[in-house]
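A short write-up of the structure that comes next.
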Amino acid sequence: MLLHRHFVRIARRYGGKEAFVDRTTGRRIKYAKALIAGLILADKYRRFEEGFIGLMIPNSAGSALSVLATLMAGRIPVMINYSTGAESNARYAQRKCNFRTIVTSRALIEKINCPVVDGMVFIEDIMAGVSWVDKIKAALLSKLPDSFIFRKIHAGNEDDNAVILFTSGSEKDPKAVELTHRNISSNVESFSAVVSLSHEDRMLANLPFFHVFGLTVNLWTPLYHGMTTVLYANPLDYKMVCDIVREEQVTIMAGTPSFLWGYLRKSEPGDFKSFRLVVSGADKCPDALRAGYLERHGIRVIEGYGTTETSPVISANTFENYRPGSTGKVLPGVQVRIENYETGQGCGPGETGRILVKGDLVMKGYLDDFEETSMRIRHGWYDTGDMGYLDEDGFLWHAGRLKRFVKIGGEMVSLVKVEDVLQEVLGESAECCVVEVPDALKGARIVAAVTAAIDEKKVLKQLAGKLPAIALPRRFVVMEELPRMGSGKVDFRKVAEMVQERLKT
């Protein structure tokens, strides 16, 4: 399925329905108008060079329409992270993908104090250049049968790239992930089937589109079904997000645990009454977070698991198949193999090993990086670099990245497990991140960063009953807040660096 062509069909089917409620700009756009706007922008974007077009626009109707228009114009959107290091990210994307044009917002670069990079064009100027002739032509075209519209927009096939996304770069330079139309559409179909999504839902789109969680779940999923998408550019504006959910009667919200904590703390009784589905992903969902939503709002948070390279969803809990602490059952059409990280042999139920994934959701590869692609995809199996296990009932349990295991005294300790138990002890009083630091005697030791002062002796006593001695944090470091990436995930590398600096003083 070609994503932009499917949008044409959906827009014509639900023409009188709101496609976008843009709470960033205050605009409300129906599907019929969204189709016209997409056709106008596509005509403008055809004037740029062939190949890639960088997109660096915060969540808004404009950013959603730009993704659609780029594909309609036969170009491939390269999503650029503007939350941290926007200038360097823009230049890196241009070098990595060998393109020049970046569509961005003048308001954005002024707000984040980003210098104008050579090749940047502003969406405000593009829209100002739209004439009444452009509008009439697009409006007339939008009324013609689908077959006529399809002749005017890009064709292609399902295995063409639909987007370039960048990995976090937490371990090395970011890799350019090629996701195809087949990758994304198959993932939307699989995920939608297990949680029963439909055009009647209203999706909160607060996750940035430069992250796969936001792009697939917040953009393509609602457009695939004909939902109304409620957009807001700042997921950290916790109180405003709660107000938007209540006022717009949002039914579905997805977020990282850090965002969900923020919404929980700022929410009032009744704010989340309209929710039928709250999904947690990108990081381990703490038991305390699940308990908080259940106690305060009667909402069962559904945890899932995915990666950028798998479009992203691999597994998810559902109301019918729900096991707290697990990441749910593997999606239909997706295969998961658990492999011993030392021997390469398959693991049995309950045995922790590398998580390998196979199916239409797996990326085409890393752009112009055959070596890295061949290292991560072997015989169709993508090596996630994550550790976990399948239980006897088929639920997948995520134990963290292999790099988030530390060997102490000859034993492997999961930092994710330590975090989960520590967060349970801390509750809502503080957030935590557990890292390893070098130790002259044991090779490594565990240190916990927390966002509030704690009674260390009391906390350690509580942890001692739930963790083995070698897994107990040896030090606690208080930080005002945990450094995060633009997606909302904790930046573990940055936390480790800050912890080591603090320990020196």
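Since every read-out is calculated from the coordinates, none of them should be taken as a lab result. Worth saying up front: this structure is predicted, and the values here are computed from it rather than measured. Heads up, the Cβs are rebuilt from the backbone with ideal geometry, glycines too, and the neighbour counts pull from every protein chain shown.
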Gain upon complete extension [Arg246, Asn321; 0.36 nm per residue less C-alpha separation]: 24.2 nm
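Take the alpha carbon gyration tensor of the range 30-173, find the square roots of its eigenvalues, order them as a ≥ b ≥ c, and report rounded if a/c is under 1.5; if not, report prolate when a/b exceeds b/c, else oblate.
Values: a/c = 2.28, a/b = 1.56, b/c = 1.46.
Prolate shape, in that a/c is at least 1.5 and a/b is the bigger ratio.
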Ranked from highest to lowest mean number of other Cβ atoms within 10 Å per residue, what is the order of the peptides 459-470, 31-42? 31-42, 459-470
Per-residue ³J(HN,Hα) for the range 308-313, Karplus 6.51 cos²θ - 1.76 cosθ + 1.60, θ = phi - 60°, Hz, x for Gly and Pro: 4, 6, 10, 6, x, 6
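Run the helix sum for the chain: -39,500 (n - 2.57) per DSSP H stretch of 4+ residues, divided by residue count, reported at 222 nm to the nearest 500 deg cm²/dmol.
Working: 17 runs with 174 residues, N = 505.
Taken over the chain, the calculation gives -10000 deg cm²/dmol.
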Please list the non-local residues whose amide H lies under 5 Å from the amide H of Arg484, H modeled 1.01 Å from N, same-chain partners needing a gap of 5 or more. Asp491
Apply the Karplus parameterisation 6.51 cos²θ - 1.76 cosθ + 1.60, with θ equal to phi minus 60°, to every residue of the range 201-207 and state each ³J(HN,Hα) to the nearest whole Hz, in sequence, with x for glycine and proline. 6, 10, 9, 7, 10, 10, 8
Sequence-distant or interchain residues sharing an amide H contact under 5 Å with Thr228, placed H: which? Met203
I'd like to know how the range 159-299 sits against the 2.2 N^0.38 Å rule of thumb: what's its Cα Rg over that expected value? 1.07
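Taking the radius of gyration and the Kirkwood hydrodynamic radius from Cα positions alone, what is the Rg/Rh ratio for the chain, to two decimal places? Before the final figure, lay out the partial values.
Working: Rg = 22.9 Å, Rh = 23.7 Å.
Result: Rg/Rh = 0.97.
Can you give the net charge of the other residues whose Cβ lies under 12 Å from the Cβ of Leu422, counting K and R as +1 and D and E as -1?
Values: positive: Lys284, Lys417, Lys466; negative: Asp287, Glu419, Asp420, Glu424, Glu431, Glu456.
Net charge in that neighbourhood comes out at -3.
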FRET efficiency for Val133 and Ala291, using Cβ-Cβ distance with R0 set to 56 Å, rounded to 0.05: 0.45
Taking R0 as 60 Å, what FRET efficiency do you get between Glu428 and Phe370 from their Cβ-Cβ distance, rounded to the nearest 0.05? 0.80
Please report the spacing between the Cα centers of the range 380-415 and the range 1-74 in Å, no decimals. 39
For Ile314, enumerate residues with amide H under 5 Å from its amide H, sequence gap 5+ or separate chain, H modeled in the peptide plane. Tyr305, Gly306, Thr307
Choose one of Phe210, Asn340, Val413: the residue whose Cα lies farthest towards the positive end of the charge dipole of the chain (beta-carbon charges +1 Lys, Arg; -1 Asp, Glu; about the Cα centre). Phe210
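I'd like the Kirkwood hydrodynamic radius of the range 69-151, using the inverse of the mean 1/r over distinct C-alpha pairs, in Å. All intermediate terms of the calculation are to be shown ahead of the outcome.
Values: mean 1/r = 0.0668 Å⁻¹.
After inverting the mean inverse Cα-Cα distance, the result is 15.0 Å.
Based on the mean of other beta carbon atoms within 10 Å per residue, what is the order of 428-437, 191-200, 211-220, 11-20, most packed first? All intermediate terms of the calculation are to be shown ahead of the outcome.
Numbers: 428-437: 21.3, 191-200: 16.5, 211-220: 26.2, 11-20: 18.2.
Highest mean packing first, the order is 211-220, 428-437, 11-20, 191-200.
Expressed in nm to one decimal, what extension gain is obtained for the pair Ser198 and Glu392 from 0.36 nm per residue of sequence separation less their Cα-Cα distance? Write out the running numbers ahead of the final one.
On the way: separation 194, 0.36 × 194 = 69.84 nm, distance 3.15 nm.
Using 0.36 nm per residue and subtracting the Cα-Cα distance, I get 66.7 nm.
How would you classify the range 15-95 from its alpha-carbon gyration tensor, with a ≥ b ≥ c the square roots of the eigenvalues: rounded for a/c under 1.5, else prolate if a/b is greater than b/c, otherwise oblate?
Oblate shape, in that a/c is at least 1.5 and b/c is the bigger or equal ratio.
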With x for Gly and Pro, the residue-by-residue ³J(HN,Hα) of the range 276-285, computed from phi through the Karplus equation 6.51 cos²θ - 1.76 cosθ + 1.60 at θ = phi - 60° and given in whole Hz, is 10, 8, 10, 10, 10, x, 6, 9, 4, 7
Report D for the range 409-504 in µm² per second (integer): Stokes-Einstein, Kirkwood Rh on Cα pairs, 25 °C, 0.890 mPa s. 180
